[in-house]
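The values are calculated or read from the model by the stated rules, or taken from the named source; none is laboratory data. Please read all numbers here as calculations on a predicted model, not as lab measurements. With ideal geometry, Cβ positions are generated from the backbone for all residues, glycine too; neighbour counts draw on all protein chains shown. Ligands, DNA and RNA are stripped out before the accessible areas are found, and what is left, the full protein with its side chains, is counted by its heavy atoms. Shrake-Rupley method; radii C 1.70, N 1.55, O 1.52, S 1.80 Å.
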Amino acid sequence: MARLMTRMFFDGAWRDGATTYPLTDKFTLEPIADIQVPDREQVDSAINAVARAQEACSLSGWQRAEILGTAAELVAGRRERFVDTMITDTGFTMTDADREVGRTIETLRLCAEEAKRLTGRMVPMDGAPGGAGRLGFTLRKPLGVVCAITPFNAPLNTVCHKVGPALAAGNGVVLKPAPETPLTAELLVQTLLEAGVPDGLLALLPGGADVGQRLLEHPVPALYAFTGSTRVGEHIARTVGTRRTQLELGSLASTIVCADADLDRAAELCVNAAFRKAGQVCTSIQRLYVERAVLAEMSGLITGKLDGRPVGDPRAPGAFVGPVISPASADRIEAWVRGAVASGASLAGGGARQGSVIEPTVLTDVPADTDVMTNEIFGPVVVLRPFEDFADAVAEANNTPYGLAAGVFTANLDRALAAAQRLRVGTVHINETSSSRVDLMPFGGVKASGTGVEGPRYAIEEMTEETLITIGGSGR
Ligand code: NAD
């Protein structure tokens with residue numbers, strides 16, 4: 001097959017970069033494309049062009065809504081192409097890629113709706129001395145240029161959770177997708193341009209840390225909308241100083257299953273939440289706490305649901321788990337699993353590896369100080385941990401530097417409420433897993449999982465600034 005050539009886009013044109021890098025298919029590991037990468041001057045030109053276009057742009061709210069709504073319908077119309085491109089970029093199975101495309105359509109539709117609802121607030125000026133007779137209200141305005149830096153594991157929907165609200169709010173956007181997934185980003189940018197996003201308002205700059213670093217050093221972007229590892233997020237916060245950031249970072253998510261839960265439903269949802277996208281989801285269940293009385297039953301349900309599910313080629317019909325993003329990632333995951341087993345853990349399922357494919361792996365009796373317990377694994381591995389006292393499970397789930405999301409399965413309202421109050425995470429899902437998400441909800445972490453909130457309505461607030469206007473007054 002002829003190698004594809006992916007170009008960069010800015011100032012209204014698709015362009016060659018200063019260098020290229022080879023992109024590989026994540027399952028076959030064959031080179032499939034050469035990706036154009038900008039140098040420093042091209043990064044600067046791209047940001048400056050977006051800033052000029054944003055200043056000159058006079059699209060109204062309904063026009064921005066029309067464009068985003070059209071983009072949603074175009075993505076829906078080319079769903080298969082998006083799915084196919086994403087499988088190549090990421091190694092996701094057809095089911096995982098198709099789910100992400102479906103959610104992306106919804107995210108773009110939500111952004112279109114929010115573009116029409118950009119309002120400020122009334123301020124009751126006469127509630128304090130000096131305010132009598134005065135009218136106060138705020139106007140919500142775009143920030144200018146939003147710089148979106150995105151990870152490999154949700155190359156379409158996470159990108160739309162940044163680009164969509166930014167455009168809905170009237171900003172220009174510079175997008176640097178993950179170096180592993182430029183093809184999906186290119187197809188999205190082509191689609192957004194076709195939907196009517198003015199040429200200059202959007203830039204696509206493929207590349208890795210070097211391109212990212214130059215984006216951080218440029219003085220113009222007013223907000224960095226980042227999803228990725230805590231290490232890079234902390235670097236961004238240090239580098240951009242007082243400029244705004246939206247940092248959606250790493251995680252080590254837990255879900256707790258009590259004996260009174262519907263165990264079969266819980267097991268079905270947990271299997272999906274631990275292994276979809278080969279476990280490469282920020283909210284994937286890494287630690288599954290199970291009440292000791294039902295540990296054996298739950299373990300049997302989980303391994304039973306894994307039995308016979310196709311693992312390997314993500315394009316094979318019914319494929320359940322495909323490769324992880326790179327052989328290096330597979331090396332790390334395999335080493336952590338081996339390390340846990342060498343420390344006394346048992347394999348209740350999986351553990352094998354071929355190429356970049358790691359079998360869905362279930363570990364029990366895992367010592368607390370192993371990598372699989374203490375570091376984000378980002379692979380298809382789940383640790384089963386028994387508990388007797390619910391409070392201990394909550395305390396142990398809190399015992400990580402992270403705080404993104406947690407799930408609790410129970411029929412007991414007191415336990416549900418205790419979990420809601422005590423779990424230190426951005427979201428607690430009762431009778432759903434940590435990995436449940438509806439794209440309109442506010443989504444963000446606490447502790448080392450980041451700051452700022454995604455979800456179109458909430459992201460738009462972060463991607464705009466308010467000016468207070470006061471009018472009149474009696475002077476009394
Ligand atoms: P990563 O941090 O390695 O890379 C993310 C992006 O940052 C990429 O585009 C990368 O090129 C860029 N980057 C790297 N160094 C940079 C630098 N010095 N300056 C600017 N940009 C730079 O993350 P990844 O491996 O692509 O994704 C996996 C991580 O993302 C996991 O930790 C996962 O938990 C996290 N994640 C979090 C959420 C969330 O919502 N909290 C969602 C998805 C993924």
| When the accessible area of the stretch 92-137 is split by element with a 1.4 Å probe, what percent falls to carbon and sulfur? | 55 percent
| message | Among DSSP bridges having both ends in the chain, what percentage is antiparallel? Round to the nearest 5. | response | 40 percent
| Relative contact order, percent, the chain [alpha-carbon distance under 8 Å, six or more residues apart] | 18 percent
| Spin-label model distance (nm) - S60 vs A342, 7 Å beyond Cα toward Cβ | 6.7 nm
| task | May I ask you to evaluate 6.51 cos²θ - 1.76 cosθ + 1.60, the Karplus curve with θ = phi - 60°, for each residue of the stretch 11-19 and list the ³J(HN,Hα) values in order in whole Hz, giving x for glycine and proline? | result | 6, x, 9, 7, 9, 7, x, 7, 9
| request: Would you kindly find the accessible area of I302, with a 1.4 Å probe and non-protein molecules such as ligands, DNA and RNA excluded, rounding to the nearest 10 Å²? | output: 0 Å²
| Where only protein heavy atoms count, and the probe is 1.4 Å, what is the accessible area per residue for the stretch 253-438 in Å²? | 39 Å²
| said: Using protein chains only and a probe of 1.4 angstrom, how many square angstrom of V174 are accessible, to the nearest 10? | reply: 0 Å²
| query | When the Karplus curve 6.51 cos²θ - 1.76 cosθ + 1.60 is applied with θ = phi - 60°, which whole-Hz ³J(HN,Hα) does each residue of the stretch 274-291 get, with x for Gly and Pro? | reply | 8, 10, 5, 6, 6, x, 9, 10, 4, 9, 3, 6, 9, 10, 10, 8, 10, 4
| said: Can you return the lysines within cross-link range of K141? Criterion is Cα-Cα under 23 Å, with same-chain partners fewer than 8 residues away left out. | reply: K116, K162
| request: Evaluate E = 1/(1 + (r/R0)^6) for A335 and A128, where r is the Cβ-Cβ distance and R0 equals 60 Å; express this FRET efficiency to the nearest 0.05. | output: 0.45
| query | For the stretch 372-476, what relative contact order do you get, as a whole percent, if you take Cα pairs closer than 8 Å and at least 6 residues apart? | reply | 21 percent
| query | Is the shape of the chain best called rounded, prolate or oblate, per the rule: a/c under 1.5 gives rounded, else a/b larger than b/c gives prolate, else oblate, with a ≥ b ≥ c the square roots of the Cα gyration tensor eigenvalues? | reply | oblate
| query | With all protein chains present and a 1.4 Å probe, how do V163, V311 order by accessible area, largest first? | reply | V311, V163
| query | Two-decimal Rg/Rh of the stretch 320-411 from alpha-carbon positions, Kirkwood Rh? | reply | 0.98
| said: If you average the C-alpha positions of the stretch 380-424 and of the stretch 226-292 separately, how far apart do those two centres end up, in angstrom? | reply: 13 Å
| field | Probe 1.4 Å, all protein chains present, accessible-area order of K141, K116, largest first | value | K116, K141
| said: Please report the carbon-and-sulfur percent of the accessible area for the stretch 253-438; probe 1.4 Å, protein heavy atoms only, DNA, RNA and ligands left out. | reply: 49 percent
| request: Run the dipole for the stretch 253-438 about the Cα centre, Lys and Arg Cβ at +1, Asp and Glu Cβ at -1, nothing else charged, and hand back the magnitude in debye, nearest 20. | output: 580 debye
| Which far-off residues, 5 or more places away or on another chain, put their amide H under 5 Å from the one on E454, with H placed in the peptide plane? | F443, G444
| note | Neighbours of Y402 by Cβ distance under 15 Å: Lys/Arg at +1, Asp/Glu at -1, summed charge -1
| message | Using helices alone, I'd like the mean residue ellipticity at 222 nm for the chain: each DSSP H run of four-plus residues gives -39500 (n - 2.57), total over residue count, nearest 500. | response | -12000 deg cm²/dmol
| In straight Cα distance, which lysines are under 18 Å from K26, not counting same-chain residues fewer than 8 positions off? | K277
| Ratio of the stretch 253-438's C-alpha Rg to 2.2 N^0.38 Å, to two decimals? | 0.96
| query | Could you sort R117, R134 by accessible area so the largest value comes first, with the probe set to 1.4 Å? | reply | R117, R134
